[in-house]
Amino acid sequence: MTTLSVAGPERLRVLLVEDDTGDAFLVGELLADSPGTFDLTVAGTFAEAQTLLAGIDCVLLDLGLPDAEGIEGLRKLLAVAGDAAVCVLTGRSDEHLGVVAVAEGAQDYLIKGQVDGVLLARSLRYAVERRRADENARRLHDAELQQAESARLERGLLPQPLMSTDAAAVHTFYRSGRGSGLLGGDFFDVVQTGPHTLQAIVGDVCGHGPDEAALGAELRVAWRALILAGVPAGNVLPAVEQVLVSERRAREVFTTIAMTTVDLAANRATVRLAGHPAPMLLTGGDAAPIAAPAGIVLGVRPRPAPVYETALPDGDWSLLIYTDGLIEGHTPDGGRLGQAGLADLLRASADVPVEAVPEWLVNRAERANGGPLADDVAMLLMTRKGR
């Protein structure tokens, strides 16, 4: 035999706004004889009712008050009722007002002389639940609108590569570590500064909440502005670090960055790393990280990022710049994917269309991890045409 425990109806606090003492007495008697528990407070005027609304679950309003009559009186009450439900009382000859009252925002209406205790109690509880349902629906709608607006804003913050050359192609990928966000603390950008020169950046603000997302967007915009202004490459990251220090919410916030300049005509790359994983060079079916020194993260101790120059292959090649969210996932043996595991994945991507490689890498990393990657992932794959 199974025993079910069913909670009884909650105690409702009801404010009756009624200037007729006889009708007020009758409502009190009906509630006293009805199922459930009600705490009844009576106000004879709208002015008095305004002082008693705090903590009230439902207002039972007579539409014939001396200082708030008819639908106009209802409107005045709805304007100050807050979270309280509102039921209106009408006479037999004014039943049409009840319908109008519900259209104006009341939760229900009752006709005097046609109400017993059971119906009154049921109507009051229904009004309270309907009010709560309406409020929850409104809050859900507001949250959905806010989420949609945030999504539009976040999509707008993801940059479009600013380049015109057809000697190379750039494919990007972004996935936030926030379950409900499109943008995290990672960022990327590409700007062409000459007929054969591409400037690229991939960065990672520690953390992946909305504050970090905003800061990442600021740093990316600052970097693009500096590049377009023709600031010498050696001065760009120190200037970005100044923006970081002035805009971060706490001294503990730091950023890693990989900044790469590619000379397509000379087939050379200049890499500056500020505590960031080195780019991966993929050519001839093999993949390996560029041997650039890591440098110090931005925001800890100002120091210029070391400069590393390397020749690129004469044939086809691809350069993958990424954030560490891609390589920090686990592998089935309990280790981390790391750069070695990423190199293996890149070697296995030979038959994957180049534009699909970034997403393919994430899918394979998540398969090895046994589920979604915990951190943000940003990737920028620069490919010499013809791969």
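For the chain, what does the accessible surface come to per residue with a 1.4 Å probe? Please give it in Å².
48
Under a GNM of the chain (C-alpha, springs under 10 Å), which listed residue has the highest mean-square fluctuation: G370, G329, G185?
Of G370, G329, G185, the Gaussian network model singles out G370 as fluctuating most.
Does the stretch 164-265 come out rounded, prolate or oblate, given a ≥ b ≥ c as the square roots of the eigenvalues of its C-alpha gyration tensor, rounded meaning a/c under 1.5 and, failing that, prolate meaning a/b above b/c? The partial results should precede the final answer.
Details: a/c = 2.82, a/b = 1.47, b/c = 1.92.
It comes out oblate by the Cα gyration axes.
Apply the Karplus parameterisation 6.51 cos²θ - 1.76 cosθ + 1.60, with θ equal to phi minus 60°, to every residue of the stretch 266-281 and state each ³J(HN,Hα) to the nearest whole Hz, in sequence, with x for glycine and proline.
For the stretch 266-281, the Karplus-derived couplings read 8, 6, 9, 10, 10, 10, 10, 10, 10, x, 10, x, 6, x, 9, 9 Hz, x marking Gly and Pro.
What order do you get for 258-270, 344-356, 192-204 when each peptide is scored by the mean count of other beta carbon atoms within 10 Å, highest first? Write out the running numbers ahead of the final one.
Working: 258-270: 18.7, 344-356: 14.2, 192-204: 20.7.
My ranking of the peptides, most packed first, is 192-204, 258-270, 344-356.
Tell me, in nm to one decimal, what length is gained between R132 and H196 on full extension, where the rule is 0.36 nm per residue of separation less the Cα-Cα distance?
Details: separation 64, 0.36 × 64 = 23.04 nm, distance 6.30 nm.
My answer for the length gained is 16.7 nm.
Taking θ as phi - 60°, what are the ³J(HN,Hα) couplings along the stretch 184-201 by the Karplus curve (6.51, -1.76, 1.60), each to the nearest whole Hz, with x for Gly and Pro?
Residue by residue, the stretch 184-201 yields x, x, 7, 8, 8, 6, 9, 9, 8, 10, x, x, 10, 10, 10, 10, 9, 9 Hz.
Which ³J(HN,Hα) values in Hz, rounded to whole numbers, follow from the phi angles of the stretch 297-307 under the Karplus curve 6.51 cos²θ - 1.76 cosθ + 1.60, where θ = phi - 60° and Gly and Pro get x?
Listing the rounded values in order: 4, 6, x, 10, 9, x, 7, x, 5, x, 9 Hz.
When the helix-only estimate is applied to the chain (DSSP H runs of n ≥ 4, each -39,500 (n - 2.57), divided by the residue count), what is the mean residue ellipticity at 222 nm, nearest 500 deg cm²/dmol?
Value at 222 nm, helices only: -11500 deg cm²/dmol.
Using 0.36 nm per residue of separation minus the Cα-Cα distance, give me the extension gain between R303 and E247 in nm, one decimal.
18.3 nm
At a threshold of 8 angstrom on Cα-Cα distance, excluding pairs fewer than six apart, so keeping six or more, what relative contact order does the chain reach in percent?
Relative CO of the chain lands at 12 percent.
The values are calculated or read from the model by the stated rules, or taken from the named source; none is laboratory data. For clarity, every value in this text was computed on a predicted model and none was experimentally measured. Here the Cβ is made from the backbone with ideal geometry for all residues, glycine too, and neighbour counts use every protein chain on show. Calculation scope for accessible area: heavy atoms of the full protein, side chains included, ligands and nucleic acids excluded. Shrake-Rupley method; radii C 1.70, N 1.55, O 1.52, S 1.80 Å.
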